[in-house]
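Encoded as structure tokens, the structure appears first; notes follow it.
The values are calculated or read from the model by the stated rules, or taken from the named source; none is laboratory data. This one's a predicted model, so the numbers in the text were calculated from it and none came from an experiment. Note that each Cβ is placed from the backbone with ideal geometry, even for glycine, and that neighbours are counted across all protein chains shown.
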């Protein structure tokens with residue numbers, strides 16, 4: 001068996017897939033792909049030109065799957081233990097919703113208005129739009145954090161009583177918030193802040209945070 005993940009390790013979507021693989025104890029190889037400078041042939045396996053893409057060499061060609069949510073679901077079915085999706089149909093649907101909220105709601109705002117400006121532009125030697133960053137932090141992200149605060153308050157996990165893809169997705173996006181030089185206000189969003197820190201303490205996240213910090217240090221030195 002040989003699994004290859006194509007993508008950048010600073011992407012929350014690549015990170016999400018890698019966390020799933022680590023949690024399940026599955027070996028894989030990361031093949032770095034810069035999402036802003038993709039090789040021409042990458043479009044053949046990622047028609048929307050997004051990362052990550054998974055290649056499973058156990059499968060006959062074509063043996064690639066794009067999209068982090070599709071990949072995570074595939075890995076859950078191929079490697080069912082430990083379970084990262086709730087068994088109960090409603091809780092599974094809830095986990096998928098929180099995952100979608102984190103990926104397409106939270107990071108859509110954070111990525112465009114903060115992470116791209118403060119991190120990606122550093123690698124590109126561009127000029128950070130400080131006004132956009134300030135607006136994103138003070139106006140655009142707080143309502144999204146409020147929703148997540150309300151959904152985790154009084155709960156151990158986002159979907160039932162078990163760690164799931166919902167928690168992975170939220171915590172993965174919040175890594176990019178930290179990489180952008182921000183921290184959740186624990187006084188304003190206490191349940192969410194505590195939950196994220198709890199998830200980051202897991203060995204799977206610690207491995208990612210240690211690896212990625214080297215790149216963030218490089219970006220900040222530019």
(1) surrounded by fewer than 18 Cβ atoms within 10 Å (Cβ to Cβ); (2) assigned to a loop (DSSP other than H, G, I, E, B): which one isn't true of residue 157, the others all being true?
(1)
Looking at (1) within 20 Å of the chain's Cα centre (by Cα); (2) closer than 30 Å to residue 25 by Cα, find the lone condition where residue 146 falls short.
(2)
Among the candidates 116, 123, 107, single out the residue that is assigned by TED's automatic domain parsing to the domain that holds residue 184, within 21 Å of residue 216 (Cα to Cα) and surrounded by fewer than 17 Cβ atoms within 10 Å (Cβ to Cβ).
123
Within the range 86-113, count every residue that is more than 15 Å from the chain's Cα centre (by Cα) and closer than 23 Å to residue 9 by Cα.
1
Are any residues in the range 79-111 over 21 Å from residue 161 (Cα atoms) and in contact (Cβ under 8 Å) with a residue 12 or more places away in the chain, and if so, which ones?
103, 105, 106, 107, 109, 110, 111
State the number of residues belonging to the range 57-74 that are in contact with a strand residue (DSSP E or B) (Cβ under 6 Å, 6 or more places away or on another chain) and either buried (at least 20 other Cβ atoms within 10 Å of the Cβ) or in a strand (DSSP E or B) (or both).
4
Options 148, 199, 184: the member that is in a helix (DSSP H, G or I) and free of Cβ contacts under 8 Å to residues at least 40 places away in the same chain:
199
Residue list for the range 34-43, filter: surrounded by 10 or more Cβ atoms within 10 Å (Cβ to Cβ) and either modelled with pLDDT of 95 or more or not in a loop (DSSP other than H, G, I, E, B) (or both)
42, 43
